[in-house]
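In what follows, a structure is listed as structure tokens, so that the remarks can point back to it.
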Amino acid sequence: MKRLYKSIKWGLFLNKRLLKKGSFLLVLLMVPLLIAGMRMAAKEESNVLTIALYGGPEDELAGEIIVNLLSEDSIVKYVKADSQEMARKTVENGTADAAWIFVDDLQGALQEVAVSHNSNVVTMVQREDNMQLRLARVKLYSAIYSKYLYAIFENFMETKLNVTDLSKEEMMKYFSGVHVRNDLFQMSYMNKDEEVAESNYLLTPLRGMLSVWLMLAGMASVMYFLQDKQNGLFDRVPIERRGALAVSYQWIVVLDGALMMLLSMLFTGTFVSWKKEIMCLLPFIFAAVGFCNLLRVLCGKMERLGALIPILILGMLVLCPVFIDFKSMRILQILFPPFYYLKSISSNVFLYEMLVYGAVVWIAGILIEWLCNKRKRV
Amino acid sequence: MYQTGIEIAGIKKNYKSKTILKDITFQAKRGSCVGLLGGNGSGKSTLLSIMAGVLKSDAGSFLYAGEDLLQKKVLAEKVIGYVPQGNPLMEELSAWDNLRLWYSKEELCRELESGVLKMLGVDEFIKLPVRKMSGGMKKRLSIGCCVANNPEILLLDEPSAALDVVCKERIYSYLETYKSKGGIIILATHDTQEIELCDKCYILKDGRLKEYQYDGDIHHLAGCL
Amino acid sequence: MKSFLVYFTMQLKRIVKIFPTILCTTLLLCSVLGLGVAMLLQADGEDERQLKVSVGLVGELDTYMGYDINVMLDVLSSRFGAEFVSVTEKEARQRIHNGTMSAYVLLPEDLVENISMGKNDKPITYVTSDGKRGISGIVMDEVVTVIAELITCPQSSIFGMQNYLRDVGREDEIWQATEELNIIYITALIDIYKMGDREIIGMANQVSTAGYYACSVVVIFLIMSGLNCSSLFSGNKMGLCKLLVSKGQKVGNQVLGEYLAYFLLLLTFFCMVIAVVLGAASAGLFSVPELGEMNLGEMLLFVLQFIVVVGVISALQFLVYEMVEGVVSSILVQFILAVALGYIGGCFYPLSFMPEGLQLLGGLSPVGAALKYADLCLVQEAAWKELGLLVIYLVLFLLLTIWIRKRRVENEAAL
């Protein structure tokens, strides 16, 4: 009991000391500043691609397609070009990533395709090809397809079924007769009950970046400990108890950071719910402190840990699903606490795995330290 | 070798609306050691920094051989050796490399052979990296760095703080030799042994300098600070 | 001048002493970055057929409608590289958990009956793993919407055709006509990509995606590698600074000497990473079109032009080391600054993804300006404006560093 009280006392004094350090406060405050900036950015209009559209001035069909695309709420931004040359120019000078130039008589061209299966209806001008443009083309095909289908339908009705007595309106009525609404599909997530708040894609790496930042704070606490140890602050503390002391360093800093993290997510609207956030954050703190403790035991010196920090942090930013989730790297991803935390937000299975991971790193850390201390005593 | 004494006159220094030094005036003859005593934060380091040219004073002069060293930077750099409180060393490098910053190769070899560095015992650990040295070694090395080019005036800020007796003895022995050759030493100190080295002592209190005669009674000294 | 050179030489010596350690950690850093880039480029793929998305199909469709949907999905699979695999829901969830499947489609019972009656109160559910809606999540949403359109439109018109035949009393033709129209629609879906004529005009003085990634990686590497040098530059060195000032080595000279040594260190790392990038590109591991078009002289010029970027980044890091005392704090601040500036500057997401205001800010930030300058140099375009901005930043950072050191020396001496 006395020891516990002493550990808590050390922890509180350490917290007081850290909060008086201007640089530590700056580190804590940099997070909300960064968040505020990102939030401001997310409020404004942004997009992944810009595509210039051009259709013949007399062409109703092309005009209809262009109007539909322009009114779409999408991560692709469409802009109307006044001429073919202008559309091409926007691609050449980098204003647009691609230009879709419809043929002058789109309706006629579609009917030609319906008959001969061989005609171009749109020219896609691009500087290069990449993933985003390939996905945008899927949207283009979809925009044309429904119009193309009508041309096929009309051609089929006239040539195969010999239907000659239907007006255009009646034909259209039969074409879209049984209206199967497009919300035939709906999105869902593995853990249906915990759906995440909608947020702009610019804010989606936020949680990941904060989780990696928390890991950094934990590693920093280990460095503070090693620095103090080097300065002789713990010379009076028995070797067996220094581990517990190191752990209280880590807990205090990580708890400060976690609080900062929670407030930041609340402020930016990436917050899910108090229950979910606490449920995921507590095991994450447990795993993070365990990971940092293991690092402390393995590195032993401030300089070694300092050299490892950028590698570990960068590794986490790349491997953990902060910006992109590289599923093929699962075997490396499972080594880092942020992976479990980020996955646990949408799946409880990862929550349990995080607890197991945490237990493993804690046990490993304690075991290795015990063995090292034993060797020193011998 | 050393022709003249020094005269500090009317040095003033304010810092953030606080007056640290008010009209500091004293002299030191050549071949003498002047001690500056005072409590922590009394302004001893500030005064030495001003004399060394690290800090600018708000008023006053520092005369040597008819020249005001506060105005004549080039001359000041030549004649003043300043040993600050923190060790002015690069931890990653060896003693040799740290000394090479201040000595040419020939001078360095000469001093290690039979000069001031030999006297300070720096030759014993010349190849050792600074990070592996003891406090005493670091301080001796620091002094060795600061006395390159045989300065005529030596400013020392608590040179033997936290050193063992053997180290202190080596440093004091060097200082005595330096004094005997006509050098002027200004020594900021708390240490009673260092006070005994001094020919004259001044107490710096509330920004003013007052002459003090140390008679071995530290209680009396403590009362004056 | 002589004393400056001596001091500069000593700074170089300090760096050389701990260079092996810094080198090891920098190589590891390089490897991690290289891994990230390799995975990113692999994900980009060659064409639609390499989107590499594995999607599970849960549920059964055993009517001709189901046959149609299955065929449609097969076509989509071959056209867009998505692999549709029949699995149970439990298997699908397990595979998503393991990362071997991206999502699964849950087909409700009586789907066909509902659709034929124009109802969709039992929709097809697209289940994915992440509630997090990153760019890939948002893109998948849009693709799913498109797939819905591609499936429902033909089905809707087939039912319309059937209704017509019923209306005119030609029910006996329904089966035949439906078969034929289905085949025509499926053929149309297969041929859809032929309707578009893709015209690649070349980069036309804009930087390619691969080129952008290459420059971003080098810049990220430079801003992160500063973290390795914290033990060199952080900590209390006021004693030495004061002594140097007393000996006529002014604060400006000190800062310049230390900065130049640090700059040379970063330049060494830069040469290493450029050698790796160029080597990988020539070995065919990835393709940067701009580098492929350069001759040796142009490549050397590009590398020389990049040195300005190295200068600015090293000056910024040096300033941070001067501002923040303590090894631990300096590492933390360096990291946060690196990530923040990297994000705003467009190293993680291209600047074009950001809102206009942020694009402007990002372009003016040190890292953003550096990246923009590097991109322009890569396409061998004039970049005088960006160069001017970088030079201003360089001078500003150095002046700030000098000012901070001067204040610290004065404060230390006065207290």
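The values are calculated or read from the model by the stated rules, or taken from the named source; none is laboratory data. A quick note: this is a predicted structure, and the numbers were derived from the prediction, not measured. A quick note on method: Cβ atoms are made from the backbone with ideal geometry, for glycine too, and the neighbour counts reach across all protein chains shown. For the accessible areas, the whole protein counts, side chains as well, though only heavy atoms, and no ligand, DNA or RNA atoms are used. Shrake-Rupley method; radii C 1.70, N 1.55, O 1.52, S 1.80 Å.
Where does helix A:205-230 land angle-wise versus the long Cα axis of chain A, in degrees 0 to 90, nearest 10? Taking the Cα atoms of chain A, the angle to A:205-230 is about 20 degrees.
Let me have the 222 nm mean residue ellipticity of chain B computed from DSSP H runs of 4+ only, each contributing -39500 (n - 2.57), with the sum over all residues rounded to the nearest 500.
-9500 deg cm²/dmol
Could you tell me the distance between the Cα centroids of the range B:72-86 and the range A:291-344, to the nearest Å? Going from one Cα centre to the other spans 50 Å. Here the range A:49-184 yields Rg over Rh of 1.01, to two decimals, using C-alpha coordinates and the Kirkwood radius. Loop-located trypsin sites (Lys or Arg not before Pro) in the range B:53-93 (DSSP state not H, G, I, E or B) with no more than 14 neighbouring Cβ atoms inside 10 Å: B:56. Of all DSSP bridge pairs formed entirely within chain B, close to 55 percent run antiparallel. Cross-link check: pairs B:210/C:237; A:2/A:374; C:13/C:385; A:229/B:132 evaluated at a Cα-Cα cut-off of 29 Å; pairs beyond the cut-off: B:210/C:237; C:13/C:385.
When the alpha carbon gyration tensor of the range B:109-225 is reduced to an equivalent ellipsoid, the three semi-axes, largest first, read 29, 16, 12 Å. Just the protein heavy atoms count here, and of the accessible area of chain B at 1.4 Å, carbon and sulfur take up 48 percent.
If each DSSP helix of 4+ residues adds -39,500 (n - 2.57) and the sum is divided by the residues in chain A, what number results at 222 nm, nearest 500 deg cm²/dmol? Display every interim value, and only then the final one.
Working: 14 runs with 251 residues, N = 378.
Computed ellipticity for chain A at 222 nm equals -22500 deg cm²/dmol.
For residue C:57, the residues whose amide H sits under 5 Å from its own are C:85, C:86, C:87, C:105, ignoring neighbours fewer than 5 places away on the same chain, with H placed 1.01 Å from N. Per atom type, the range A:48-152 shows carbon and sulfur on 45% of its accessible surface, probed at 1.4 Å.
Loop by DSSP (not H, G, I, E, B), at most 16 other beta-carbon atoms within 10 Å: where is the longest site-free stretch of chain A for trypsin sites (Lys or Arg not before Pro)? After excluding every exposed loop site, the longest remaining stretch is A:22-159. Under a 5 Å amide H cut-off, with hydrogens placed 1.01 Å from N, residue C:168 pairs with nothing among residues at least 5 apart or on other chains.
Treating cross-link reach as a plain straight distance, find the lysines whose alpha-carbon is under 25 Å from the alpha-carbon of residue C:194, omitting any fewer than eight places away in the same chain. Within reach: A:77, A:80, A:89, A:139, A:147, A:160, C:52.
Computed from Cα atoms, the angle from the helix B:165-180 axis to the main principal axis of chain B rounds to 70 degrees. Put simply, the amide H of residue B:209, placed in the peptide plane, has neighbours under 5 Å in B:25, leaving out anything fewer than 5 places away on its chain. Surface burial for A against C, with a 1.4 Å probe and both sides summed, reaches about 11200 Å² of accessible area.
Ranked from the most accessible area to the least, with a 1.4 Å probe and all protein chains present, what is the order of C:178, C:209, B:25?
Details: C:178 5, C:209 30, B:25 65 Å².
Sorted descending by solvent-accessible area, the residues read B:25, C:209, C:178.
Using a probe of 1.4 angstrom and keeping all protein chains present, the accessible surface of chain B works out to 44 square angstrom per residue. Interface residues of the range A:319-333, defined as those losing at least 30 Å² of solvent-accessible heavy-atom surface relative to the isolated chain (probe radius 1.4 Å), are listed as A:323, A:326, A:327, A:329, A:330.
In the protein assembly as shown, the alpha-carbon atoms span a convex hull of 197 Å³ per residue. Relative to the longest principal axis of chain B, what angle (0 to 90°, nearest 10) does the C-alpha long axis of helix B:105-114 take? With both axes taken from Cα atoms, the answer is about 90 degrees.
Need one number: % antiparallel among DSSP beta bridges in the protein assembly as shown, to the nearest 5.
If we restrict to bridges inside the protein assembly as shown, about 40 percent are antiparallel.
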